[in-house]
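Colleague: This is the structure I have questions about; it appears just below.
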Amino acid sequence: MSANKITDLIHHPYQPPEGFEAPQIGVHKASTVIFPNVAAMRSRDWKNKSGYTYGLHGTPTTFTLEERIASLEGGLQCVLVPSGLAAIVAVDIALLGQGDDMLLPHNVYGARLGLTQEELPRFGITTRYYDAMDAADLAAKITPKTKLVWLEAPGSVTMEFPDLPALVRICREKAVICALDNTWGAGLAFNAFDLDGQGLTVDISSQALTKYPSGGGDVLMGSIVTRDEALHHKIKLSHMRLGYGVAANDAELVLRSLPSIGIRYRAADQSARQLAHWLKTRPEVEAVLHPAIEGAPGHQNWQNLCRKRPVAGIESARSATDLIANEHRSEGYAAGLFSIVFHEKFSPSQVDAFVDALKLFKIGYSWGGHLSLAVPYDIASMRNQNVAHWPYRGGLVRFSIGFEEAADLMQDLSQAFHALTKLREN
Ligand SMILES: *Cc1c(COP(=O)(O)O)cnc(C)c1O
């Protein structure tokens, strides 16, 4: 994240109504948009945002949110959809047709597999899986039928951080469109549209705005960001034919949360890393899967992409901006999301009991909000189309770290470990 990306976001241009300027932007609701005359009705073009035509085609509120998400991610265009999953579906539907093949990482976001396995085959679209941690495997699996490659960094739940630039280079070389599920990075941890500082770019970056951009655990929304006008129009037209739209009140909630995304992301990151380091010392824990923690799968890839070496001459950095930028560069960015694997001596029901014993951590899906959450997962059953070997036998619990004091969360985890030990003794 550039030092001024967040500042740019907070000061993103917005034209308020004449004589009324306020910290938040207006909320405009419409299905019907009224035209001054028939000529205006015929000439307005929603596709290029040169005019408003119908609520589903966008309002000043949704256009503003689209522009802000696009600039946060380093893209040029954005399409909003009613959920993060809808963003994935919209990309698949827009780009794939009968006889086409799609490649997904082995550790892909699980809820998208229903579409892949149950819906797309009815339209003659096949899906195969590559090992996200092995660029050669992706290269070997791309065939002339492969029309779309999805990327995720890190993988869902198991948190392996891939060599994203290497995967994107392969897609570029083979001229296959690549789409990144950028929910974890949120446009903050790295720039999906410039991965190597020399313009290496994904074609599409989708996000679940449900997570950090909303930040409240109360909104479902997704975004599809691009830099290529033709690709954007293809997705936008398909999106409109599908009838996807987002509600003004939901857009308002995301717009209201967006200015604080930088400090929220950073705060969750810091607490999560403290807890992850501490969990590494616990005897009950076999592995801590957090890309910014030494020894985690893909840690080096995370370092290379999300943690830049400080600019030379930090000691002599003259301005406060240089100092702050350098501090952020050297710490790197990571979401407040990680998993632990228990020693295999703990049974699945004991791991469940550990989660049940947590008091501050709530049990629930999603992440990126103020409340810390925990969910146990059974990896063996999730990865049946697995190409990569899963090395652990113990149960896995994923944590999303919220804004409670890290010390309080640590105490909560401690007492749950204690409950687990007591359970073993009984
Ligand atoms: C949550 C999530 C989604 C889906 O978002 P929803 O808004 O819940 O549909 C997609 N991808 C990733 C990586 C996610 O974490």
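The values are calculated or read from the model by the stated rules, or taken from the named source; none is laboratory data. For clarity, every value in this text was computed on a predicted model and none was experimentally measured. Heads up, the Cβs are rebuilt from the backbone with ideal geometry, glycines too, and the neighbour counts pull from every protein chain shown. All accessible areas refer to the heavy atoms of the entire protein, side chains included, with ligands and DNA or RNA removed. Shrake-Rupley method; radii C 1.70, N 1.55, O 1.52, S 1.80 Å.
Colleague: Would you tell me the accessible area of Met102, worked out with a 1.4 angstrom probe on the heavy atoms of the protein chains, in Å² to the nearest 10?
Modeller: Accessible area of Met102: about 0 Å².
Colleague: Still on this model: List the cysteines of the chain that have no other Cys Cβ closer than 4.7 Å: which are they?
Modeller: Lacking a cysteine Cβ partner under 4.7 Å: Cys78, Cys306.
Colleague: Any chance you could give the angle, 0 to 90 degrees and rounded to 10, that helix 348-357 forms with the longest Cα principal axis of the chain?
Modeller: So the inclination is approximately 70 degrees.
Colleague: At 0.36 nm per residue, and after removing the present C-alpha to C-alpha distance, how many nm does the segment from Arg42 to Leu56 gain when stretched out fully? Let's see the in-between values first.
Modeller: Working: separation 14, 0.36 × 14 = 5.04 nm, distance 1.70 nm.
3.3 nm is the gain from fully extending Arg42 to Leu56.
Colleague: Taking the stretch 135-177, which trypsin sites (Lys or Arg not before Pro) meet the DSSP loop condition and have no more than 14 other C-beta atoms within 10 Å? Mind dumping the intermediate values first?
Modeller: Working: sites: Lys141, Lys145, Lys147, Arg169, Arg172, Lys174; in loops: Lys145, Lys174.
Here the sparse-neighbourhood loop sites are Lys145.
Colleague: While we're here: I need the chymotrypsin sites (Phe, Trp or Tyr not before Pro) found in the stretch 16-117, filtered to DSSP loop residues with at most 14 other beta carbons within 10 Å of theirs.
Modeller: Numbers: sites: Phe20, Trp46, Tyr52, Tyr54, Phe63, Tyr109; in loops: Phe20, Trp46, Tyr52, Tyr109.
Passing both the DSSP loop test and the Cβ count: Phe20.
Colleague: Related question: Let me have the 222 nm mean residue ellipticity of the chain computed from DSSP H runs of 4+ only, each contributing -39500 (n - 2.57), with the sum over all residues rounded to the nearest 500.
Modeller: Values: 14 runs with 153 residues, N = 426.
About -11000 deg cm²/dmol.
Colleague: Can you give the Rg/Rh ratio of the stretch 146-267, where Rg is from the C-alpha atoms and Rh is the Kirkwood radius? Please list the in-between numbers first.
Modeller: Numbers: Rg = 15.2 Å, Rh = 15.6 Å.
With Rh from the inverse mean 1/r over Cα pairs, Rg/Rh is 0.98.
Colleague: Let me check something: with ligands and nucleic acids excluded, how do Asp92, Asp408 order by accessible area (1.4 Å probe), largest to smallest? The partial results should precede the final answer.
Modeller: Values: Asp92 0, Asp408 70 Å².
Solvent-accessible surface, decreasing: Asp408, Asp92.
Colleague: Based on DSSP, what percent of beta bridges with both residues in the stretch 7-257 are antiparallel, to the nearest 5?
Modeller: Numbers: 11 of 27 bridges.
Roughly 40 percent of the beta bridges in the stretch 7-257 run antiparallel, per DSSP.
Colleague: Mind pulling the angle between the C-alpha long axis of helix 229-242 and the longest principal axis of the chain? Nearest 10 degrees, somewhere in 0 to 90.
Modeller: It works out to around 90 degrees.
Colleague: Can you give me the long-range amide H partners of Gly402? Hydrogens built in the peptide plane at 1.01 Å from N, cutoff under 5 Å, separation of 5 or more residues or another chain.
Modeller: Result for Gly402 returns Ser372, Leu373.
Colleague: Please compare each pair in Lys5/Lys362; Lys147/Lys308; Lys141/Lys236; Lys145/Lys234; Lys29/Lys211 to a cut-off of 21 Å on the Cα-Cα distance and tell me which ones are over it.
Modeller: On the way: Lys5/Lys362 32 Å; Lys147/Lys308 33 Å; Lys141/Lys236 29 Å; Lys145/Lys234 19 Å; Lys29/Lys211 24 Å.
Correct reply: Lys5/Lys362; Lys147/Lys308; Lys141/Lys236; Lys29/Lys211.
Colleague: Next question, about the same structure. What angle, in degrees between 0 and 90 and rounded to the nearest 10, separates the Cα long axis of helix 261-280 from the longest principal axis of the Cα atoms of the chain?
Modeller: That helix lies at roughly 20 degrees to the long axis.
Colleague: What is the local net charge at Asp181, summed over the other residues whose Cβ is closer than 9 Å to its Cβ (Lys, Arg +1; Asp, Glu -1)?
Modeller: Numbers: positive: Arg112; negative: Glu152.
Its environment carries a net charge of 0.
Colleague: A follow-up question, please. Using a 10 angstrom cutoff on alpha carbons, build the Gaussian network for the chain and name the most mobile of Val157, Val33, Val219.
Modeller: Comparing Val157, Val33, Val219 in the GNM, the peak value goes to Val33.
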